[in-house]
Each structure stands twice: as structure tokens, then as C-alpha cells.
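The values are calculated or read from the model by the stated rules, or taken from the named source; none is laboratory data. What you see is a predicted model; the values in this text were computed from it and never measured. Cβ atoms come from the backbone with ideal geometry, glycine included; neighbour counts cover every protein chain shown. Remember, those area values only see protein heavy atoms, side chains included, never the ligands or the DNA or RNA. Shrake-Rupley method; radii C 1.70, N 1.55, O 1.52, S 1.80 Å.
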Amino acid sequence: MIKRPYLSIFIVLVAIAVFLQYQLWNGEDGIKAVERLAERIAEQQAENETLLERNLVLEAEIIELKKGLETVEERARQELGMIKDDETLYLILP
């Protein structure tokens, strides 16, 4: 059996160990907080990749628009339904 003076030291050491384990797992800078931060980083990286792809598409579109009027004309036809003066529009209904 553990002697009396050593018993109190043992209990204090066990209490400190329990406290430190609690802080390690549940504390502000503990393992759970690090895991949550890693998840947020992964989510942000995925969002950054999506935005990068969108930016590349927009950049290509800007270059195309700066190149010539064909792209501007195509967008005007598709988005605004514009036609030239010498053209005839045929609308085919289903």
C-alpha cells in the first residue's frame, strides 16, 4: 500500500494529469480546436480553387473581348437578341 505522504502527492499528480489531458483535448488550443481549424482550412482551399477557376474563365473572356468585335457581337445576339439591319429573324416555336 502507498504510504500516507506519498498518497497525497500521488493524488495531486493524478489531478494535474487529468487537468492537462482535459486541456489537451478540450482546451482553446487543444486537439479538437486544431481539427476544426484544419477543416476550415480545407473548406477555404476548396472555395479558393473554385474562385480561381472562375477567375480564369473571366480572364479568358476579357482577353477575348479585347481581341475583336466578333465576341461582342455574339454576346449581343445571345443575351440581348439583337439582329443586324439586313437580317431576318425566324422564330420557330415547338
| message | Could you tell me which residue out of Trp25, Leu51, Phe10 lies farthest along the dipole of the chain toward its positive end? Charges go on the beta carbon: Lys and Arg +1, Asp and Glu -1, centred on the Cα centre. | response | Phe10
| field | Within the chain, longest stretch free of exposed trypsin sites (Lys or Arg not before Pro) [DSSP loop, at most 16 other beta carbons within 10 Å] | value | 4-83
| GluC sites (Glu not before Pro) within the stretch 4-50: DSSP coil, no more than 15 neighbouring Cβ in 10 Å | Glu28
| query | What list of ³J(HN,Hα) couplings, whole Hz, do you get for the stretch 77-89 from phi and the Karplus terms 6.51, -1.76, 1.60, once you set θ to phi - 60° and write x for glycine and proline? | reply | 5, 6, 8, 10, x, 7, 10, 7, 4, 8, 9, 10, 8
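Leaving out ligands and nucleic acids, note down the accessible area per residue over the chain with a 1.4 angstrom probe, in whole Å². Please report the intermediate quantities before stating the final value.
Values: 9230 Å² over 94 residues.
Solvent-accessible surface per residue comes out at 98 Å².
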| If we count every other residue with Cβ under 13 angstrom of Glu64's Cβ, Lys/Arg +1 and Asp/Glu -1, where does the sum land? | -2
| field | Residue-averaged 222 nm ellipticity for the chain, from DSSP H runs of 4+ at -39500 (n - 2.57), nearest 500 | value | -27000 deg cm²/dmol
| query | With each label point set 7 Å from Cα along the Cα-Cβ vector, what nm distance links Leu93 and Ile31? | reply | 7.0
